[in-house]
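Asker: Before I ask anything, here is the structure I am working with.
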Amino acid sequence: MAHAYTPGLKVSEKAVIRKERKLPLWGDVLVNKGDRVKAEDVVARALLPGPVHPKNLAGELGISPSELKNALIVKKGESIKKGQVIARARVFFGLFKVEATSPIDGYLEDYSEITGQVILRENPIPVEVLAYLDGVVEEVIPREGVIIRTVAALVQGIFGVGGEKIGTLKVAVDSPYDILKSDRINENLKGAIVVGGRSADIDAINKAAEVGIKALVLGSIDDGVLREFVGYDIGVAITGNENVPFTLIITEGFGDLPMAERTFNLFKNGIL
């Protein structure tokens, strides 16, 4: 295929980096201005409301909606477990007892004596934001997050798939012109951010996934290998949420391009 690349991406041995870390909804900020944080530290946390499960409880019990309140054996806001009896009634002149159980773990959010419906909601889903960088909390954004400041080496990539990853940087090849082969990948790279040089073939990609690396940084990649890795063609789109076994970052472009020597040397010297 033809080569594709974008010049002018930033590569710096020392740069001041400010990273905004925000929750998707209001929550609690867990650090203060001036605090030193590690990349893995949780700096903000929120609770995302769980999914709602409406249930026609009056119909299930065979009672009128106006009788629902007396049939309920849990209160509004009370926790419930999957399979737990939440309502009980007697029907056919009190001859038969019927019960209704919860289909979820969660709580009883509300009920209606007009429709006979109850609203059950699953337990809140915790959402946490990590610092992502070792640095200092430069600013606190109340109920939303923080801005982290640090001084670090900075390498901008041209393309990537997969989400944020934190790990130890390890170089798996000898030069920026080397193609990463599967025989260079072993258990020592498990959990690492791996620098692979020029490119990698699909055998190396699969071996990296099997070993359990966190991310792979290459100079370039063939579009066929990328398609097989992701499982589909990626057009012009915002990436970062792909369901892939590890994050893949390309520094130069598509095709067969060696990693820039300055970039490779920065990676290599940064771990010596």
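Asker: Among R21, R262, rank each residue by its count of other Cβ atoms within 10 Å, from fewest to most, as a rough exposure measure.
Answerer: Working: R21 21, R262 13.
Arranged by neighbour count, lowest to highest, R21, R262 become R262, R21.
Asker: In angstroms, what radius of gyration and Dmax does segment 55-123 have, counting Cα atoms only?
Answerer: 11.3, 37
Asker: Could you name the lysines whose alpha carbon sits less than 24 Å from that of K181, not counting residues in the same chain fewer than 8 places away?
Answerer: Candidates past the 8-residue exclusion: K165, K170, K190, K207, K214, K268.
Asker: Right, something else. Under the definition of Cα pairs under 8 Å and six or more residues apart, what whole-number percent is the relative contact order of segment 72-119?
Answerer: Over segment 72-119, the number comes to 38 percent.
Asker: Rounded to two decimals, what ratio of Rg to Rh does the chain give with C-alpha atoms and a Kirkwood Rh?
Answerer: 1.19
Asker: Can you list the lysines whose alpha carbon sits under 27 Å from that of K69, skipping same-chain ones fewer than 8 residues off?
Answerer: K69 reaches K55, K81, K82, K97.
Asker: Next question, about the same structure. log10 I(q)/I(0), Debye, Cα-only segment 157-272, no solvent, q = 0.21 Å⁻¹?
Answerer: -1.19
Asker: Okay, moving on. Determine the relative contact order of the chain: mean sequence separation of Cα pairs under 8 Å and six or more apart, normalised by residue count, in whole percent.
Answerer: 22
Asker: With both partners inside segment 157-272, how many of the DSSP beta bridges are antiparallel, as a percent to the nearest 5? Please report the intermediate quantities before stating the final value.
Answerer: Working: 3 of 18 bridges.
In segment 157-272, DSSP labels about 15 percent of beta bridges as antiparallel.
We did not get these values from a lab; they are worked out from the coordinates using the rules stated. Here the structure is a predicted model, which means the values were calculated and not measured. Cβ sites come from the backbone with ideal geometry, for glycine too, and all protein chains shown count toward neighbours.
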